[in-house]
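Have a look at the structure below, then the notes.
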Amino acid sequence: MGPLFTATESIFQIVPETMAASSSTILCNASESDLCRDDSAAFLLKLVAIASILLAGAAGVAIPLIGRNRRFLQTDSSLFVAAKAFAAGVILATGFVHMLAGGTEALNNPCLPEFPWSKFPFPGFFAMVAALITLLVDFMGTQYYERKQEREAAHQSDEQPGREQSPGGIVVPVVVEGGNDDDKVFGEEASGGIHIVGIHAHAAHHTHSHSQGHGSCDGHQKIEIGHAHGHGHSHGGLELGSGARHVVVSQVLELGIVSHSIIIGISLGVSQSPCTIRPLIAALSFHQFFEGFALGGCISQAQFKNKSATIMACFFALTTPIGIGIGTAVASSFNSHSVGALVTEGILDSLSAGILVYMALVDLIAADFLSKRMSCNFRLQIVSYMMLFLGAGLMSSLAIWA
């Protein structure tokens, strides 16, 4: 009785394991197996997704670019700062909740070999590497543009003494004699920054004009002239790198957004399940609109020429629809559970997460929330923090459906 019972028990243990292994093998070798699969309905929904996401992305990136000629939507308006905070929350949640979670799910899939994928936390590692590389690119790009603008400014000053050139090709007079009621250097924004990069701003302001006992928030001025004579140099308190920073931020942010837009587009395109595609249409349209708004704001602040700004905006708006088209074209032969597809998806998702988290925290949130303008406007602080948390919360909640 004992040996027979033991043999029977071992059979009951082996059979479920064998069935699980065989079902796992079938799953990993098959393409999509879904009770909701309907190829014709899925194809129509993909066309709807392309149109909806294209319009949402184009509208999001266009509003800040068109609005720079409208007072209430200019990049130094409070409305723009609050909307940009919401968009930053969306991008932050996209990196943490969607991309990093997607990369973790792909690289922990049971269809992957146990070694090396289950022996090391690759998703977090790839995200960290991407963030560090983004920091390096951020730094080197800023240095490059500052040196380039120094050379352009020096050449411009040789041709037109007393005038310097701003990053966007706009000639801005820098030497200003006293007499203004608000004691601002000409070219200074309301936020306190100056769009002059890598040059010696020979502002004819004296120390006494900035040291009359005013509070640190008067005029939101971030300029501290350390010389008693009339020349404030760039190694003082002048924030002369803001223009170059905006140029680099816009380009790196577009790189991060485009890389994951391709991924999510292909993921939607290869799906043949209407039950999967329907919630993705709404989620990705919302997502692309506010990512586009943040990118458009950075492009506007970088003061690109109209042609360059249009090219960057179109490139962003078209990326996800192109990804959907690619996914649709390969859907019949694509196996989302193959080792190659899982590894590629996991690595790209993790890298995108690192880029987006870095850009959201460093170049969007920290740049605005630690600025003098924010610290001097309590109402703007409250609204901006509310919008930041709202954007992050809404984008995170979309993970329930997509």
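Read-outs: derived from the displayed coordinates by stated rules, not from any lab. Computed from a prediction, not measured in an experiment: that's the story for all the values here. Every residue, glycine among them, receives a Cβ derived from its backbone with ideal geometry; neighbour counts consider all protein chains shown.
Looking at the stretch 61-119, the trypsin sites (Lys or Arg not before Pro) that sit in a DSSP loop and have at most 16 other Cβ atoms within 10 Å of their own Cβ are Arg70, Lys119. Between the stretch 266-322 and the stretch 72-124, the C-alpha centres lie 15 angstrom from each other.
The loop-placed chymotrypsin sites (Phe, Trp or Tyr not before Pro) in the stretch 325-402, going by DSSP, that have at most 14 neighbouring Cβ atoms within 10 Å of their Cβ come out as Trp401. Compactness of the stretch 269-351, taken as the C-alpha radius of gyration over 2.2 N^0.38 Å, stands at 1.35.
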